[in-house]
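Trainee: Before we start, here is the structure in question, set down as structure tokens.
The values are calculated or read from the model by the stated rules, or taken from the named source; none is laboratory data. This structure is a prediction, so every number in the text was calculated from the model and none was measured. With ideal geometry, Cβ positions are generated from the backbone for all residues, glycine too; neighbour counts draw on all protein chains shown. Each accessible area value is taken on the protein alone, full model and side chains, heavy atoms only, with ligands, DNA and RNA left out. Shrake-Rupley method; radii C 1.70, N 1.55, O 1.52, S 1.80 Å.
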Amino acid sequence: MRARSALVASGLVCELREVVLRDKPQALLDASPKATVPVLIEPGGAVIEQSLDIMLWALRQNDPHAWLALDPDGVSAAMDLIAQCDGQFKHHLDRYKYPQRYDDVDGRAHRDDAASWLFQLESQLATTPFLFGDRLTVADAAIAPFVRQFAHTDRDWFESQPWPRLQAWLQRWAQSPLFERIMGKYPPWVAGQAPVLFPG
């Protein structure tokens, strides 16, 4: 979702190869031995394997909505916030959502640990509708997909929490035209098929 959002925002077009992770095609394994998604292969053959790196790659080529147009302190703060999301928050999110994958850890304990960071986002949204002002930036687009995963793990619990600004922020993103464009479903790619372009 992160990579797709930045591609849509940048206006760049790529060939999309949808992958079912339980049946990874050899082309994915050849391009990226770690075999996680997303993976972007540049026209010259360079491989980008992290979703945030794909976002920055796209936006540094074309950023018509000024997702990266923050002052130097704002850029540093945005990258720090994304790093917190990708580090501590994602660690607890994975164990809350999939405790069986981690030796049946206490999912609720990890939920509560993750929630402490969401209170920080709630505070950050106290005066503006987005994390760094009155418009969506790279920070919102990079963080919202993981907050959405957290929210959907137990929607009733999430909606009962004292996070009205965070809940409104997430709803605003989920109801945006951008979200609709990145959530399209595609059949799994098979070798030899006609190219599928994204955005289509």
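Trainee: Please report the relative contact order for the chain, taking Cα pairs under 8 Å with a sequence separation of at least 6, and give it as a percent rounded to a whole number. Don't jump to the answer; show the numbers that get you there.
Mentor: Working: 197 pairs, mean separation 61.8, N = 200.
The normalised contact order for the chain reaches 31 percent.
Trainee: Moving to a separate point now. Protein chains only, probe 1.4 Å: how do LYS90, LYS34 rank by accessible area, largest first?
Mentor: Details: LYS90 50, LYS34 80 Å².
If we order LYS90, LYS34 from most to least accessible, we get LYS34, LYS90.
Trainee: While we're looking at this one, here's another question. Sum up the charges of everything whose Cβ sits under 14 Å from the Cβ of LEU56, counting Lys and Arg as +1 and Asp and Glu as -1, but leave LEU56 out. Show your work: numbers first, answer last.
Mentor: Working: positive: ARG2, ARG60; negative: GLU42, GLU49, ASP53, ASP63, ASP86.
Taking every Cβ under 14 Å from that of LEU56, the sum is -3.
Trainee: Probe 1.4 Å, all protein chains in place: accessible area of HIS91 in Å², nearest 10?
Mentor: Around 80 Å² of this residue is reachable by solvent.
Trainee: For a quick check, take a GNM of the chain with Cα springs below 10 Å and name the residue from ILE182, ILE41, ILE143 with the largest mean-square fluctuation.
Mentor: Top of the fluctuation ranking is ILE41.
Trainee: Tilt of helix 72-84 relative to the longest C-alpha principal axis of the chain, in degrees (0 to 90, nearest 10)?
Mentor: 90 degrees
Trainee: Gain in length, LEU197 to THR127, computed as 0.36 nm per residue apart minus the alpha-carbon separation, to one decimal in nm? Walk me through the numbers before you get to the answer.
Mentor: Numbers: separation 70, 0.36 × 70 = 25.20 nm, distance 3.90 nm.
Going from the current span to full extension adds 21.3 nm.
Trainee: Any chance you could check the Cα centroid distance between region 59-90 and region 1-56 for me, in angstrom?
Mentor: Cα centroid to Cα centroid, the span is 20 Å.
Trainee: Hey, rough spin-label estimate for ASP134 and THR153, points 7 angstrom out along Cα→Cβ, what's it come to in nanometres?
Mentor: Between ASP134 and THR153, the simple spin-label model gives 3.6 nm.
Trainee: Could you tally the net charge around ASP113, taking each other residue with its Cβ under 14 Å from the Cβ of ASP113, Lys/Arg +1 and Asp/Glu -1? Write out the running numbers ahead of the final one.
Mentor: Details: positive: LYS90, ARG95, LYS97, ARG108, ARG111; negative: ASP94, ASP106, ASP112.
Its environment carries a net charge of +2.
Trainee: Output the 0 to 90 degree angle, nearest 10, between the alpha-carbon long axis of helix 138-153 and the longest principal axis computed from the alpha carbons of the chain.
Mentor: For helix 138-153, the angle is close to 70 degrees.
Trainee: What distance in nm lies between label points placed 7 Å from Cα along the C-beta direction at ASP113 and LEU21?
Mentor: Distance between the two pseudo-spin positions: 2.0 nm.
Trainee: Work out how much length ASP80 to VAL190 would gain on full extension: take 0.36 nm times their residue separation and subtract the Cα-Cα distance, in nm to one decimal. Display every interim value, and only then the final one.
Mentor: Details: separation 110, 0.36 × 110 = 39.60 nm, distance 3.84 nm.
Roughly 35.8 nm would be gained on extension.
Trainee: Let me ask something additional. Largest first and in whole Å, give the semi-axes of region 91-200's equivalent ellipsoid, each being the square root of 5 times a Cα gyration tensor eigenvalue.
Mentor: On the way: eigenvalues 156, 102, 23 Å².
For region 91-200, the ellipsoid semi-axes come out as 28, 23, 11 Å.
Trainee: Oh, and also: With Cα extents along the principal axes in Å defined as stated, name the option among [x] 51, 44, 27; [y] 56, 37, 33; [z] 50, 37, 35 computed from the structure displayed.
Mentor: [x]
Trainee: So, one more: Within the set of other residues whose C-beta is less than 11 Å from the C-beta of ILE41, count the net charge using Lys and Arg as +1 and Asp and Glu as -1. If you can, show how the numbers build up before the last one.
Mentor: Numbers: positive: ARG17; negative: GLU15, ASP30, GLU42, GLU49.
Computed value for this residue: -3.
Trainee: Here's something else I'd like to know. What distance in nm separates the simple spin-label points at ALA46 and GLN88, each placed 7 Å from Cα in the Cβ direction?
Mentor: 3.3 nm
Trainee: I would also like to ask the following. Extension gain GLN175-ASP103, at 0.36 nm per residue separation less the Cα-Cα distance, in nm? Intermediate results must be reported in sequence, preceding the final value.
Mentor: Details: separation 72, 0.36 × 72 = 25.92 nm, distance 3.61 nm.
Length difference between fully extended and current span is 22.3 nm.
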